[in-house]
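**Student:** This is the structure, below, for whatever I ask next.
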Amino acid sequence: QQQVKQSPQSLIVQKGGISIINCAYENTAFDYFPWYQQFPGKGPALLIAIRPDVSEKKEGRFTISFNKSAKQFSLHIMDSQPGDSATYFCAAFNFGNEKLTFGTGTRLTIIP
Amino acid sequence: EAQVTQNPRYLITVTGKKLTVTCSQNMNHEYMSWYRQDPGLGLRQIYYSMNVEVTDKGDVPEGYKVSRKEKRNFPLILESPSPNQTSLYFCASRIGPGPYYGYTFGSGTRLTVV
């Protein structure tokens, strides 16, 4: 049962452009919404996260936009760089069972 | 360096031969979890632990066991591995209290059961 839907599956963006990845969730009991970045051969690394009582969070070139009423959140990567090429996972965290429910991932490629 | 360490990184084994994947964290984290990652399915929680001697099942616990005898260690045990347990496994830990602290993941263990 997929409770977090992520799109697109893959994304190609030119260097300097904006990368946008979208997620939608179904369960309203989630407490926290992190994004993870994964490089080949590595584990997922926490990139940025947002609480459900906040509509936007920005850290450097990375911004999460959160729409609680629509049950949607998105990651924006400004001034995308080749080093940003990785797989990105959105997730929703439930504190009660310590569970991260992950989206299926977006493979981002930044081309020069 | 603060990290979650898993061993081994790669393992090929035969059906039915018991194995243990070790996980250790040096950050004094209370919470630890195991996930498996499969193509098209993303990462799914196997087991989690909220502290020493406190463990519970995640979404896909069948065929796995865990223990938490010390705060830093959270081994994953496959008593009788089967081919459908071929996967990429990740251990993760986080500090508490409260939900607003993210998980730190290990580098993964790629397991193949033949």
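The values are calculated or read from the model by the stated rules, or taken from the named source; none is laboratory data. All figures in this text were calculated on a predicted structure; none of them were measured in a lab. Glycine also receives a Cβ, built like all others from the backbone with ideal geometry; neighbour counts cover every protein chain displayed. Quick note on the areas: whole protein, heavy atoms, side chains included, nothing else; ligands and nucleic acids left out. Shrake-Rupley method; radii C 1.70, N 1.55, O 1.52, S 1.80 Å.
**Student:** Name the strands (runs of 3 or more DSSP E) wholly inside region A:1-42 in which the number of residues that are open to solvent by 40 Å² or more (accessible area, probe 1.4 Å) and more than 16 Å from B:GLN37 (Cα to Cα) is 1 or more. So that I can check it myself, show each step before the final result.
**Tutor:** Working: elements: A:4-7, A:10-14, A:19-25, A:33-38.
Answer list for region A:1-42: A:4-7, A:10-14, A:19-25.
**Student:** Moving on to the next point. Restricting attention to region A:46-53, does a residue exist that is within 14 Å of chain B (Cβ to nearest Cβ), small (Gly, Ala, Ser) and on the phi < 0 side of the Ramachandran plot? Please lay out each step first, then the result.
**Tutor:** So the first thing to find is which residues in region A:46-53 are within 14 Å of chain B (Cβ to nearest Cβ), and the list is A:46-53.
If we keep only those that are small (Gly, Ala, Ser) too, we end up with A:49.
Applying the additional criterion that residues be on the phi < 0 side of the Ramachandran plot yields A:49.
The answer is yes; a qualifying residue exists.
**Student:** Something else about it: What are the residue pairs meeting all of these: first residue in region A:98-112, first residue of a type in the set (Gly, Ala, Ser), second residue crowded, with 21+ Cβ neighbours inside 10 Å, Cβ atoms under 6 Å, and 6 or more apart or on different chains?
**Tutor:** A:GLY103/A:VAL4; A:GLY103/A:GLN6; A:GLY103/A:CYS23; A:GLY103/A:PHE89; A:GLY103/A:CYS90; A:GLY105/A:PHE89
Listed here are the residues, each with its yes/no results for (1) more than 14 Å from chain A (Cβ to nearest Cβ); (2) not aromatic (Phe, Trp, Tyr).
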site	(1), (2)
B:GLN45	no, yes
B:VAL52	yes, yes
B:GLY58	no, yes
B:PRO75	yes, yes
B:ASN84	yes, yes
B:PHE90	no, no
B:ARG94	no, yes
B:PRO97	no, yes
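Results for (1) touching a residue at least 40 places away in the same chain (Cβ under 8 Å); (2) within 14 Å of A:VAL4 (Cα to Cα); (3) under 14 Å from the mean Cα position of the chain (by Cα), shown as yes or no for each residue.
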site: A:LYS15; (1), (2), (3): yes, no, no
site: A:THR28; (1), (2), (3): yes, yes, no
site: A:PHE39; (1), (2), (3): yes, no, no
site: A:ILE48; (1), (2), (3): no, no, yes
site: A:VAL54; (1), (2), (3): no, no, no
site: A:GLU59; (1), (2), (3): no, no, yes
site: A:THR63; (1), (2), (3): no, no, yes
site: A:SER74; (1), (2), (3): yes, yes, yes
site: A:GLN81; (1), (2), (3): yes, no, no
